[in-house]
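Down below is the structure, laid out as C-alpha cells.
The values are calculated or read from the model by the stated rules, or taken from the named source; none is laboratory data. Only a predicted model underlies this, so the values are computations on that prediction, with no experimental measurement involved. Don't worry about glycine lacking a Cβ; one is built from the backbone with ideal geometry, like all the others, and counts go over all protein chains shown.
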Amino acid sequence: MWIVRHHKLTVFFTEENNMLQSVRLSLLPASLPPSYHPFCEIFENYLNGKQVSWPAYNQELLTPFQKLVFAAVVTIPYGETRTYKEVASMIGRPKAYRAVAQALKHNPFPLVIPCHRVVSSNFPQDIGGYTPDPEIKKILLTLEGVLF
DNA sequence: CGTGGCCCCGCTG
DNA sequence: CAGCGGGGCCACG
C-alpha cells in the first residue's frame, strides 16, 4: 500500500506488475507516513493541478459493462464534465444512465478513471453522487478548473 | 419545490 | 428465475 498526501486529499494505491491494482481517496490525513513509489509522482503532479498520463490498471475484476463504461469515461477531457446520461449515450445505451451510475459507484480506480467528471444533469445545482464523499468530487473538479 | 414512472445492471433468495 | 435497490432523468402538479 502506497500513500500520497495532498493538502486536502490523501491517495492510497496498490501496485503489482507495474499496474495499479487499487486506488482509494480520503479526506482525512493518513495515519501512516508518506511512501515512495514511481507512481507517487504521477499522483502528486495531478494533485498539484497538472495533467498526467496515468499508469495501466488491472481490469481483471471489472464486469463487461464496467469496462464499457470506464472506456468511455477515460475519454472525458481534463477539466470537462459529462452527465450520466451522456456517458450512457457514449456507450450506445442511452437509457442505461442509472446503470452507468452503479458502475461508477464501484470504480476501483478513482482519478485514473475520472468518474468525478460525471455529474448530474442539473449540474452545478446538483453535482451527483460520489463515494466515499461528494466533497472529494468538488475538490477534484475545482482542481481541474471546473467552474461551479 | 416534491413525486412517481421508467430503465438497466448486479446482487440476493 | 423474480425482486429490488441505486452516485439518474424527466414530466407533471
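Within region A:63-90, how many residues turn out to be among the charged types (D, E, K, R) and buried (at least 17 other Cβ atoms within 10 Å of the Cβ)?
The number of residues fulfilling the criteria is 3.
Let's see how each residue does on (1) closer than 27 Å to A:Gly145 by Cα; (2) part of a loop (DSSP other than H, G, I, E, B); (3) within 11 Å of DNA strand C (Cβ to nearest atom); (4) not basic (Lys, Arg):
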position	(1), (2), (3), (4)
A:Lys8	yes, yes, no, no
A:Leu20	yes, no, no, yes
A:Glu41	yes, no, no, yes
A:Asn45	yes, no, no, yes
A:Glu60	no, yes, no, yes
A:Ala72	yes, no, no, yes
A:Tyr78	yes, yes, no, yes
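Can A:Leu25 be described as within 17 Å of the chain's Cα centre (by Cα), surrounded by 15 or more Cβ atoms within 10 Å (Cβ to Cβ), over 14 Å from A:Pro110 (Cβ atoms) and not acidic (Asp, Glu)?
When the stated conditions are applied, A:Leu25 does not pass them.
Under 15 Å from A:Ile3 (Cα atoms) and touching a residue at least 12 places away in the same chain (Cβ under 8 Å): which single residue out of A:Pro29, A:Pro55, A:Pro38 fits that description?
Just a single option satisfies the conditions, and that option is A:Pro29.
What residue, among those in region A:91-108 that are over 18 Å from the mean Cα position of the chain (by Cα) and more than 9 Å from DNA strand C (Cβ to nearest atom), is surrounded by the most Cβ atoms within 10 Å (Cβ to Cβ)?
A:Ile91
Would you check if there is a residue in region A:41-58 being more than 23 Å from A:Glu135 (Cα to Cα), at pLDDT below 95 and out of contact with any helix residue (DSSP H, G or I) (no Cβ under 6 Å at 6 or more places or on another chain)?
no
Please work out which one of (1) within 26 Å of A:Asn45 (Cβ to Cβ); (2) assigned to a helix (DSSP H, G or I); (3) within 15 Å of DNA strand B (Cβ to nearest atom) is the condition A:Ala103 fails and give its number.
(1)
Looking only at residues that are among the β-branched types (Val, Ile, Thr) and within 8 Å of DNA strand C (Cβ to nearest atom) in region A:109-142, which one is surrounded by the fewest Cβ atoms within 10 Å (Cβ to Cβ)? Full working, then the answer.
At the first step, the residues of region A:109-142 found to be among the β-branched types (Val, Ile, Thr) are A:112-113, A:118-119, A:127, A:131, A:136, A:139, A:142.
Remaining after also requiring within 8 Å of DNA strand C (Cβ to nearest atom): A:118-119, A:131.
Values: A:Val118: 28, A:Val119: 22, A:Thr131: 14.
Filtering region A:109-142 for residues that are among the β-branched types (Val, Ile, Thr) and within 8 Å of DNA strand C (Cβ to nearest atom), the one surrounded by the fewest Cβ atoms within 10 Å (Cβ to Cβ) comes out as A:Thr131.
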